[in-house]
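What follows is a set of notes on a single structure, which appears directly below.
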Amino acid sequence: MANEEKNPAEQGDTGAIEQFQPLMDALGPKEVVRRTNDANLAATQILARAEELNKPELLERLATLPPKEWDIGCVSRAMVGARAILALTAKRSTVNVQSTSARIDAALAEESSTVRKRMMRLCKYHFGDDPVLGPELADIATGSGYLDTAQDLIRLAAIYSKNQSIVSADRKHYVATDEKDALRLAERIQEEYDKAHSVEQKLAGDQVARAWTLLVRDYDQLRRAASFLFWGNEERLAEFGPPGSIGRRPSTRKATKTPVTPSAEDDAVV
């Protein structure tokens with residue numbers, strides 16, 4: 001039928017971009033989440049997870065959840081968002097140079113790395129076993145590259161701010177200026193990184209980042225749905241890892257198991 005409304009999740013990539021564009025444009029600069037994940041890989045992985053949850057028998061179960069607490073529309077939106085990112089990254093590839101062309105000041109990189117490592121040591125010692133902060137710290141530890149470092153510093157500053165009484169009592173690793181320094185350094189990294197890119201590259205990268213910001217919100221909802229559907233099935237739940245783990249390729253470094261102690265070395269940042 002000519003007037004039949006098409007399911008948004010079945011639209012092509014161009015339609016997905018058009019549908020997302022008003023929401024992308026409405027995001028404020030501080031709302032945009034910038035990550036260095038492989039955007040294509042991340043979108044492909046989330047698309048697969050959303051398509052799995054889009055099965056009628058699973059949607060039927062999800063429909064029993066209170067609508068005020070969970071939006072079932074996130075499944076369809078995630079599928080659209082993933083396809084939008086696949087299309088946007090294809091467009092970006094026509095104007096984007098290799099990210100390795102971007103460099104930041106060596107002193108800034110060194111100071112950022114030092115502050116991040118010190119804050120990570122403190123947080124791992126005090127919050128490594130925390131059911132909420134533990135997984136977040138593990139996610140932060142996977143970061144690599146300048147933009148990840150900036151985001152990691154922001155996240156660590158937030159942990160410090162919310163747990164000031166605990167972190168300030170640590171006489172070995174706590175430095176009173178670290179929280180403010182982390183935010184200052186994150187801003188400087190972003191500024192220097194931006195200077196290294198052309199207007200076209202910035203626009204293309206910004207579009208991908210805005211689409212990712214919207215997609216990750218719906219992906220968080222997908223993770224909640226997975227907890228409901230696959231509770232007790234650790235293998236299935238592991239497929240719905242934290243947003244920061246999506247789109248990351250396996251590390252080529254040989255993993256070593258080191259007990260978490262106040263002196264444990266943090267992973268390299270840059």
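Output the number of residues of the stretch 125-134 satisfying the condition of being assigned to a helix (DSSP H, G or I), over 19 Å from the mean Cα position of the chain (by Cα) and either not hydroxyl-bearing (Ser, Thr, Tyr) or not assigned by TED's automatic domain parsing to the domain that holds Leu147 (or both). Walk me through how you get there before you give the answer.
Of the residues in the stretch 125-134, the ones assigned to a helix (DSSP H, G or I) are 125-127, 133-134.
Those left that are additionally over 19 Å from the mean Cα position of the chain (by Cα): 125-127.
Applying the additional criterion that residues be either not hydroxyl-bearing (Ser, Thr, Tyr) or not assigned by TED's automatic domain parsing to the domain that holds Leu147 (or both) yields 126-127.
Residues that pass the stated criteria total 2.
Just need a number here: residues in the stretch 24-65 that are within 18 Å of the chain's Cα centre (by Cα) and among the aliphatic types (A, V, I, L, M).
12
Could you identify the single residue in Leu137, Leu122 that is in a helix (DSSP H, G or I) and modelled with pLDDT under 95?
Matching residue, one of Leu137, Leu122: Leu137.
Restricting to the stretch 203-227, what's the tally of residues that are surrounded by fewer than 16 Cβ atoms within 10 Å (Cβ to Cβ) and closer than 30 Å to Thr114 by Cα?
Total meeting the criteria: 0.
For the stretch 178-190, state whether one or more residues are under 27 Å from Gln19 (Cα atoms) and either crowded, with 19+ Cβ neighbours inside 10 Å or not small (Gly, Ala, Ser) (or both).
Among the residues of the stretch 178-190, not one is under 27 Å from Gln19 (Cα atoms) and either crowded, with 19+ Cβ neighbours inside 10 Å or not small (Gly, Ala, Ser) (or both), which makes the answer no.
Applying the selection to the stretch 127-150, what residues are of a type outside the set (A, V, I, L, M) and buried (at least 20 other Cβ atoms within 10 Å of the Cβ)?
Within the stretch 127-150, Gly143, Tyr146, Asp148, Thr149 meet the criteria.
Tell me the residue from Lys68, Lys117 that is in contact (Cβ under 8 Å) with a residue 12 or more places away in the chain and over 17 Å from the mean Cα position of the chain (by Cα), please.
Lys117 is the lone residue from the list that is in contact (Cβ under 8 Å) with a residue 12 or more places away in the chain and over 17 Å from the mean Cα position of the chain (by Cα).
Of the numbered conditions (1) of a type outside the set (S, T, N, Q); (2) farther than 16 Å from Phe240 by Cα; (3) crowded, with 21+ Cβ neighbours inside 10 Å, Met79 satisfies every one except a single condition; which is it?
Answer for Met79: the failing condition is (2).
Can you name every residue in the stretch 158-182 that is within 17 Å of Lys124 (Cβ to Cβ), touching a helix residue (DSSP H, G or I) at 6+ places or on another chain (Cβ under 7 Å) and not in a loop (DSSP other than H, G, I, E, B)?
Listed by number, the residues that qualify are Ile159, Tyr160, Ile166, Val167, Asp178, Glu179, Ala182.
When you check Leu137 against the structure, is it under 21 Å from Val32 (Cα atoms) and not polar (S, T, N, Q), yes or no? It would help to see each step written out before you state the result.
Values: under 21 Å from Val32 (Cα atoms): yes; not polar (S, T, N, Q): yes.
Against the criterion (under 21 Å from Val32 (Cα atoms) and not polar (S, T, N, Q)), Leu137 qualifies.
For the stretch 1-69, give me every one of the helices (runs of 4 or more DSSP H) that falls completely inside it and has 3 or more residues that are at pLDDT below 90.
Here the list reads 13-26, 39-53.
The values are calculated or read from the model by the stated rules, or taken from the named source; none is laboratory data. This one's a predicted model, so the numbers in the text were calculated from it and none came from an experiment. Cβ sites come from the backbone with ideal geometry, for glycine too, and all protein chains shown count toward neighbours.
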